[in-house]
Amino acid sequence: MPFDWSFAAQIVPQLLSGMAVTIEATLLSFGTALVIGMVLVVGRRSANGPIRLGTSVLVSFVRNTPVLVQLYFLFYVLPRFGVVLPGLLVGVLGLGIHFSTYMSEVYRAGIESVPRQQWDAATALNLSPQRTFLAVILPQALPPMIPALGNYLIIMFKDVAILSTITVVEMLATAQTIAAQTFRYLEPLTLVGLFYLAVSYPSSLLIRGLERRFRPSHVE
């Protein structure tokens, strides 16, 4: 079956509508992961033993189980306990929680890259632990984190496609619906691949630029 350019042009608006959902889910999931990841890294650095242990166990559990299983649990199992959530919200929470465990490691590495003298100087100035972290440590730790966080953003953008398995009508689900209705798979799936490439490849080039920009001066 040859590629039908007129049919491809006809379905582009539908696929772009699906891409809008993909981008929305990506940004919401990324924001969720940023916030939860910071909570996790604070928990893992806590002086409270039970909090530190509980956070470490949670991170290990989430990182060592498939994200698809986690999504299925949130979408199909929680309703049996009276918790019914929309598919998009489940997807945002599922991806956000899953990737937050990886982002917490990015945060940890960034925080630990700040010289210990900075903590000591803040203590000498009688700054509170909260002000030390927010005003002294985090501004220095954040720039080296940006490339890694950007890479996770691209990965999340591509992984949003699995939300089609929990009824979220993103770009891939839209393509599957078009294919099921028309029995033409070549055009919609090809366009989906091209749309992903059109967003992911320029983004990866930008991330490479950020990596060079924020690379430590002693690294060649």
Any idea which of G94, G82, G110 is exposed (fewer than 13 other Cβ atoms within 10 Å of the Cβ) and not aromatic (F, W, Y)?
-> G82
Could you list all residues from the stretch 35-58 that are surrounded by 14 or more Cβ atoms within 10 Å (Cβ to Cβ) and not in a helix (DSSP H, G or I)?
-> R45, S46
Quick check: anything in the stretch 173-189 within 20 Å of G96 (Cβ to Cβ) and touching a helix residue (DSSP H, G or I) at 6+ places or on another chain (Cβ under 9 Å)?
-> yes
What number of residues within the stretch 1-34 are over 30 Å from A148 (Cα atoms), part of a helix (DSSP H, G or I) and in contact (Cβ under 8 Å) with a residue 12 or more places away in the chain?
-> 5
Please specify each residue of the stretch 167-201 satisfying the condition of being crowded, with 22+ Cβ neighbours inside 10 Å and closer than 21 Å to G94 by Cβ.
-> V168, E170, M171, L172, T174
Which condition breaks for L71 when tested against (1) under 15 Å from the mean Cα position of the chain (by Cα); (2) modelled with pLDDT under 95; (3) over 25 Å from P147 (Cβ atoms)?
-> (2)
Look through the stretch 59-73, keep the residues that are in a helix (DSSP H, G or I), of a type outside the set (D, E, K, R) and free of Cβ contacts under 8 Å to residues at least 60 places away in the same chain, and return whichever of them is nearest to Q130 (Cα to Cα).
-> V59
Contact list, first residue from the stretch 200-214 and of a type in the set (S, T, N, Q), second anywhere and modelled with pLDDT of 80 or more and part of a helix (DSSP H, G or I), beta-carbon distance below 7 Å, six or more apart or interchain, is S200/I154; S200/F157; S200/K158; S203/I154; S204/I154
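The values are calculated or read from the model by the stated rules, or taken from the named source; none is laboratory data. What you see is a predicted model; the values in this text were computed from it and never measured. Don't worry about glycine lacking a Cβ; one is built from the backbone with ideal geometry, like all the others, and counts go over all protein chains shown.
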